[in-house]
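Written below as structure tokens is the structure these notes are about.
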Amino acid sequence: MKTLADRFRRHAEMMPPGLYRTLMFAFAENWEADGVVAEICRDWADAPTSAIVQLRLLAGIQRLVLTGRAPQLVRYYPNLGGTSAPEDAWPHFEPVLREHVTELRAALEIAPQTNEPGRAAPLLIGLFDAVRRSGLAKVRLLELGASAGLNLLVDRFYVAGDGWSAGPADSPLRLLDAATGPVSPQAFTIVGRRGCDLAPIDAASDEGRLRLTSFVWPHDLHRYERLRAALDVVAAHPVTVDQAPAAEWLADQLASVPGPGVLTVVWHSITRQYWPTSEVTAVDSILAEAGRRMPIAHIAMESPILASDPASDMRGYQPPLLTVRLSVPGGVLDESPVVLGTVADHGVPVRLAAV
């Protein structure tokens with residue numbers, strides 16, 4: 001059985017040079033030396049690899065830095081303007097870990113959770129397809145595994161590609177070069193939006209903003225800026241994300257048929273892989289039944305072959321596909337989804353399939 005040190009090293013080996021690669025190697029050595037990392041992670045030695053203990057610890061440390069309680073480490077965080085080389089970082093990090101053992105131990109209880117605003121691009125392109133094929137321009141948008149619900153605001157982001165654009169040009173969030181391949185924008189109006197998550201985050205709160213930010217890797221400056229912009233949008237336009245499992249919540253939402261001419265869109269991204277088989281089956285059954293009662297589009301951004309361990313060598317992993325299934329009034333939900341293209345893990349760019 002692999003130890004935590006083995007997992008830390010294996011994950012580090014997959015990463016490009018930078019702060020988190022350096023720290024993961026240091027975590028491994030410190031664990032084996034029975035140092036402060038072992039003290040913090042002692043109750044997680046037998047945790048499943050899917051718990052990704054290293055990311056929980058890194059996020060806990062970043063929260064210390066973001067809240068000004070470890071100012072000596074700011075120089076190592078590119079997202080905060082730091083430019084110091086990461087190779088000599090560990091001697092400066094270790095004392096901070098020793099000073100905050102209790103808090104960092106508690107941080108391990110917080111599962112990694114991001115809300116990638118870049119995934120608004122595949123959602124938008126999926127919406128274009130669903131609106132075009134259904135002929136319905138009024139949309140009720142429902143998101144499963146919505147986290148903080150940022151992508152429910154897809155119509156309030158500016159998204160653009162070669163020769164096309166959508167959304168307000170003055171939006172704080174601008175997703176440029178969002179897709180490769182032909183895109184045919186369609187006009188639509190979102191008449192209702194709501195999401196669910198097992199552990200929803202209140203993006204309007206300081207704690208919620210901090211938690212989301214802490215799980216963005218500090219060298220991913222484009223992701224950091226996208227999240228900050230999306231948080232500004234949601235602050236002005238709050239959304240509702242209910243605490244509930246996907247199938248139970250979806251059944252409640254689809255129990256009633258919306259007004260005439262409304263297309264119900266059920267959307268999720270990189271979340272289905274975390275559902276138990278029973279949840280996957282239940283969601284599919286609920287969608288199929290509801291598709292006989294109302295026009296529905298099911299838009300998904302999910303990998304067709306999933307790695308069982310996010311810190312493994314990722315054998316068999318394939319990029320997420322953007323797919324759409326549609327049921328028009330009186331029809332039946334498509335048995336096989338239409339594959340629009342492949343998507344980068346963080347949403348942009350969408351690589352559209354040749355037509």
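Worth a mention:
- Extension gain for Ile110 to Arg351 (0.36 nm times residue separation, less C-alpha to C-alpha distance): 83.4 nm.
- Shape call, region 186-274: gyration tensor on alpha carbons, a/c limit 1.5: prolate
- Prolate/oblate/rounded label for region 111-153 (Cα gyration tensor, a/c 1.5): prolate
- Taking amide H atoms as placed 1.01 Å from N in the peptide plane, the amide H of Arg193 lies under 5 Å from those of Leu141, each 5 or more residues away in sequence or on another chain.
- Value at 222 nm in deg cm²/dmol, rounded to 500, when DSSP H runs of n ≥ 4 in the chain each add -39,500 (n - 2.57): -10500 deg cm²/dmol
- For region 117-352, share of DSSP beta bridges that run antiparallel, in % to the nearest 5: 40
- With the alpha-carbon atoms of region 208-258 aligned to their principal axes, the span from lowest to highest coordinate is 44, 23, 17 Å, starting with the largest.
- Kirkwood Rh, Cα atoms: Rg over Rh of region 1-114: 0.93
- Amide H contacts for Ile201 (H built 1.01 Å from N in the peptide plane; partners 5 or more residues away or on another chain; cut-off under 5 Å): Ala148.
- Restriction of the GluC sites (Glu not before Pro) in region 100-191 to DSSP coil positions whose beta-carbon has at most 16 other beta-carbons within 10 angstrom yields Glu109.
- Computed from the C-beta positions of Ala236 and Thr83 and an R0 of 41 Å, the FRET efficiency is 0.80 to the nearest 0.05.
- In nm, spacing of pseudo-spin labels at Glu32 and Ser205 (7 Å Cα→C-beta vector): 4.1
- Of Leu142, Leu23, Leu80, the one that fluctuates the most in a GNM where the chain has Cα springs shorter than 10 Å: Leu80
- Other residues within the sphere of radius under 15 Å centred on the Cβ of Gly192, judged by their own Cβ, net out at +1 (K and R +1, D and E -1).
- Under 11 Å, Cβ to Cβ, from Val216 - net charge with Lys/Arg +1 and Asp/Glu -1: +1
- Gained length - Val332 relative to Glu225, 0.36 nm times residue gap less alpha-carbon distance: 34.4 nm
- Average Cα contact separation per residue, the chain, under 8 Å, 6 or more apart, as relative contact order %: 18
- Three-way shape call for region 117-352 based on the alpha-carbon gyration tensor, with the a/c threshold at 1.5: rounded
- Sum of side-chain charges, Pro86 neighbourhood, beta-carbon under 13 Å (Lys, Arg +1; Asp, Glu -1): 0
- Over all Cα atoms in region 88-215, the spread is summed up by Rg and Dmax: 19.1, 61 Å.
- Region 177-273, relative contact order in percent, only Cα pairs under 8 angstrom and at least six apart counted: 36
Bear in mind that the values in this text are calculations on the coordinates, not laboratory data. Model, not experiment: these values are computed from the prediction. Virtual Cβ from ideal backbone geometry, glycine too; neighbours counted across all protein chains shown.
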